[in-house]
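Down below is the structure, laid out as structure tokens.
The values are calculated or read from the model by the stated rules, or taken from the named source; none is laboratory data. None of the values given here were measured: they were computed from a predicted structure. We place every Cβ from the backbone using ideal geometry, glycine too, and count neighbours over all the protein chains shown. Protein only, heavy atoms only, side chains kept; ligands, DNA and RNA dropped before computing areas. Shrake-Rupley method; radii C 1.70, N 1.55, O 1.52, S 1.80 Å.
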Amino acid sequence: MNRYSRQQLVPVIGVEGQEKLRDAKVLVIGAGGLGAPVLLYLAAAGVGTIGVADGDRIEVSNLQRQVLYRTCDAGRKKVDVAIEALKALNPDVDLRCYPQYVTPRDAGVLVHDYDIVVSASDSFAAKLMINDACVCEAVPCVHGGVSGIDGQIMTTLPGTACYRCAFNFTSRDASAVENFAQTGTLGPAAGVAGTLQAAEVMKYVCGYGTLLTDRILLFDLSESGFHTLPVMKREDCSCCR
Ligand SMILES: [Zn+2]
């Protein structure tokens, strides 16, 4: 009770919201720049079950934005260090570790076990794959992306516009877009995007506010500008139609 006392004082959370968080199962795919703040905030908030999926190892060049990790962690698997850090933060969380890159073959089975998924990968191909798996399995998903000083957040529920609808990307062949990822990223931009994703999860789990469904939030940290654009469900979407 003491751990969560400040959070429970927030009217939209209260004791009831705290119990919903305790009962929630959230899968975070990608334990990098977006995943780090998502995982830290969700574990700190008392989400009862958190899955962490990532096949990558920590590099020193990650540390400028992936705030879960320390210099001495370089070379270790991200999921291993993430689990240790989150256990130390909140021992009451049931942490599940998937030390692998999620593939189209196993994505559906993986997301099916969770109430909501956070798409926190840095590859556009992986984002599309996670979208497809979540639409197919009817699992809500909070998508996040960051590039340079810009970011985007969008939440999908069964029946709402999907991530492909937002980007008008109809090809099933995600490898066609693999060149997207090679841009720099400002650490705080990843932090803002990941923090907003964690906030979306808390909204969904506790049932307050208005989710970022059928719209996408865009931010630009050069002007500190935030705005949302409507996203229409596309008749010709290869995924959700
Ligand atoms: Zn769609």
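Name the residues in segment 147-167 that are touching a helix residue (DSSP H, G or I) at 6+ places or on another chain (Cβ under 9 Å) and open to solvent by less than 20 Å² (accessible area, probe 1.4 Å), would you?
Within segment 147-167, 151, 153, 154, 155, 156, 162, 163, 164 meet the criteria.
Could you grab me the full set of residues in segment 188-241 that are touching a residue at least 12 places away in the same chain (Cβ under 8 Å) and charged (D, E, K, R)?
Hits for segment 188-241 are 200, 214, 215, 220, 233, 234, 236.
Determine whether residue 175 is more than 16 Å from the ligand (Cβ to nearest atom) and modelled with pLDDT under 95.
Criteria met by residue 175.
What pairs come up if the first residue lies in segment 35-61 and is within 17 Å of residue 98 (Cα to Cα), the second is assigned to a strand (DSSP E or B) and of a type in the set (Phe, Trp, Tyr), and their beta carbons are under 6 Å apart, counting only those six or more places apart or on different chains?
Going by the 6 Å Cβ cut-off, the qualifying pairs are 53/98.
Kindly state which helices (runs of 4 or more DSSP H) lie completely within segment 7-109 and contain at least 2 residues that are in contact with a Ser or Thr (Cβ under 7 Å, 6 or more places away or on another chain).
35-45
Could we say that residue 105 is out of contact with any helix residue (DSSP H, G or I) (no Cβ under 8 Å at 6 or more places or on another chain), more than 22 Å from residue 24 (Cα to Cα) and not β-branched (Val, Ile, Thr) here?
yes
Among the residues of segment 220-233, which ones are within 15 Å of the ligand (Cβ to nearest atom) and open to solvent by less than 80 Å² (accessible area, probe 1.4 Å)?
Result: 231, single match.
Taking segment 200-219 as the region of interest, how many residues are among the acidic types (Asp, Glu) and either surrounded by fewer than 18 Cβ atoms within 10 Å (Cβ to Cβ) or within 16 Å of the ligand (Cβ to nearest atom) (or both)?
1
From the list 183, 170, exactly one residue is more than 16 Å from the ligand (Cβ to nearest atom), part of a loop (DSSP other than H, G, I, E, B) and at pLDDT below 95. Which is it?
So the residue among 183, 170 that is more than 16 Å from the ligand (Cβ to nearest atom), part of a loop (DSSP other than H, G, I, E, B) and at pLDDT below 95 is 183.
For the subset of segment 104-134 comprising residues that are in contact (Cβ under 8 Å) with a residue 24 or more places away in the chain, open to solvent by 30 Å² or more (accessible area, probe 1.4 Å) and more than 15 Å from the chain's Cα centre (by Cα), which member is nearest to residue 55 (Cα to Cα)?
Per the stated criteria, the residue is 104.
Can you confirm whether residue 150 is touching a residue at least 24 places away in the same chain (Cβ under 8 Å) and away from the ligand (no atom under 16 Å from the Cβ)?
yes
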